[in-house]
Structures are given as structure tokens and as C-alpha cells.
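**Q** Can you keep this structure in mind? I'll have questions shortly.
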Amino acid sequence: MYVTGWVDTTLGGQKPIGAIVSVETYDARFSCGGGTPTTTLGHLLAVGSSFMFNTYYGENCKFIPKTAGSYPLIQITPLYSK
């Protein structure tokens, strides 16, 4: 899964200032800012956990299953400023 910059057309094309990410099923690994995670490298995001990131460090985040074949359900909510 690749997450790249969202644009909110209801806010005049505004980009998000960050996002809230949570994992509902299975553990995931992720990296932001251009790195590519592997099943042993990248930040671990355990099932039931969440984190918030801001787009100051880049908008590109990549998520993969921690264990091959166990695909996590990931919820991502972009955050906008008015």
C-alpha cells in the first residue's frame, strides 16, 4: 500500500497537514519519506495501535504486512487545517 498526498477538493485543493493511522488487523511495518519497509525493517505498527504523522517530513508512506500473507487492515484519516 502506498499513501501519497491527498487533496481535499471541498477545501479548495488544500493538502493535509498530517494523518492519523491505525491498524485493525495483523501487524504492519511502515516507512515514510521514501524508504521501503521489509518484513524485518521499518517501523513496527502492532494491531490495535495508532500514530499520527505530519506532512512536514514528506507525504509518502509505505505499509506492508509484518508477516507475509497476513495483510493488515489500515485506517488512514488525513488532517486538514482551515
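The values are calculated or read from the model by the stated rules, or taken from the named source; none is laboratory data. Quick caveat, the model's predicted, so the values are computed rather than measured. Only protein heavy atoms, including side chains, enter the accessible area calculation; ligands, DNA and RNA are left aside. Shrake-Rupley method; radii C 1.70, N 1.55, O 1.52, S 1.80 Å.
**Q** Straight-line reach from Lys82: which lysines have a Cα under 29 Å away, not including same-chain ones fewer than 8 places off?
**A** Lys15, Lys62
**Q** Hey, another quick one. What whole-number value in Å² describes the accessible area per residue of the chain for a 1.4 Å probe?
**A** 63
**Q** Separate question: Work out from phi, with θ = phi - 60° and the Karplus expression 6.51 cos²θ - 1.76 cosθ + 1.60, the ³J(HN,Hα) of each residue of the range 14-23, listed in order in whole Hz, and give x for Gly and Pro.
**A** So the Karplus estimates, Gly and Pro as x, are 5, 8, x, 8, x, 7, 9, 10, 9, 10 Hz.
**Q** With the full set of protein chains in place, find how many percent of the accessible area of the chain is carbon and sulfur; take the probe as 1.4 Å.
**A** 56
**Q** Here is a follow-up. Output ³J(HN,Hα) for the range 40-48: one whole-Hz value per residue in order, computed from phi by the Karplus curve 6.51 cos²θ - 1.76 cosθ + 1.60 with θ = phi - 60°, and x for Gly and Pro.
**A** Along the range 40-48, the couplings run 10, 10, x, 6, 8, 10, 6, 4, x Hz.
**Q** From the backbone phi of the range 30-37, what are the Karplus-calculated ³J(HN,Hα) couplings (6.51 cos²θ - 1.76 cosθ + 1.60, θ = phi - 60°) in whole Hz, Gly and Pro given as x?
**A** Residue by residue, the range 30-37 yields 8, 8, 10, x, x, x, 10, x Hz.
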